[in-house]
1. Label-point separation (nm) for Arg192 and Asn105, each offset 7 Å from Cα along Cα-to-Cβ?
2. Which percent of the Cα-Cα distances in segment 68-135 go past 17 Å?
3. Roughly what would the spin-label model give for Asp200 and Ile33, points 7 Å off Cα along C-beta, in nm?
4. For a quick check of your reading of the filter: which GluC sites (Glu not before Pro) in segment 24-68 sit in a DSSP loop and have no more than 10 other Cβ atoms within 10 Å?
5. Antiparallel as a % of all DSSP beta bridges within segment 1-123, to the nearest 5?
Amino acid sequence: MATTERQDRIAEQDILTMETRHGPIRFLADTGILKWRAETLLTKEPDTIDWIDTFEVGEVFWDIGANVGVYSLYATRAGKVSRTLAFEPSPWNFAALVRSTHLNNWGDRIWPYCLAISDETKLDMLHMKNAYFGSAQCSFGERVNQWGGELDVAFEQASIGFSVDAFIVTFNPPFPNRIKIDVDGLDGAIARGMTRTVRDERVRSVL
């Protein structure tokens, strides 16, 4: 199916609207797993939802390992963050994240970046257990799964990675007040790459 045909079809159907305490959020849901991710927004990780609800007006939220962006979208709908930076290296998940962002007309509030966050800045391979929209378990550099073992890889592609500290020094982006890290098996590496950042008093919490 041509890209424009898929966009036209999405515009007419396969959009799921989820109601939240802050108002509705529209999600791209034209596959089973995308629909499941939207439907479980409030129930899959309730602690993450509760944490986002503690954000204060004007804060900047960094969503590292955003997948298809359900928490980026929720944080934006909650209405307190001034900007969300969503980092997701999987091309399929990134595409879904961007599409859902624009379904809600939040392109000026959510800034998606198709890159990996790690402990150093480098070119390396992104290893993915699955290659479809909404899939999880991908690893940048190392072939490691969420339990520290070797990831069962079905697809690989070249990618670029930055440490949080280097990304801030290089690009001077909106500085994070809240940081969510959800990257299977590489959470420790990401933490090592943000030691300078988290010492800054502007960072109020990391999940």
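FYI, it's all coordinate maths here, none of it is from the lab. Small disclaimer: the values here were computed from a predicted structure and weren't measured. Reconstructed Cβ throughout: ideal geometry from the backbone, glycine too, with neighbour counts over all protein chains shown.
1. In this crude spin-label approximation the distance works out to 4.6 nm.
2. Value for segment 68-135: 43 percent of Cα pairs lie more than 17 Å apart.
3. Those two pseudo-labels are separated by 3.4 nm.
4. Numbers: sites: Glu39, Glu56, Glu59; in loops: Glu56, Glu59.
Those that pass, being in a loop and sparsely packed, are Glu56.
5. DSSP beta bridges in segment 1-123 are roughly 40 percent antiparallel.
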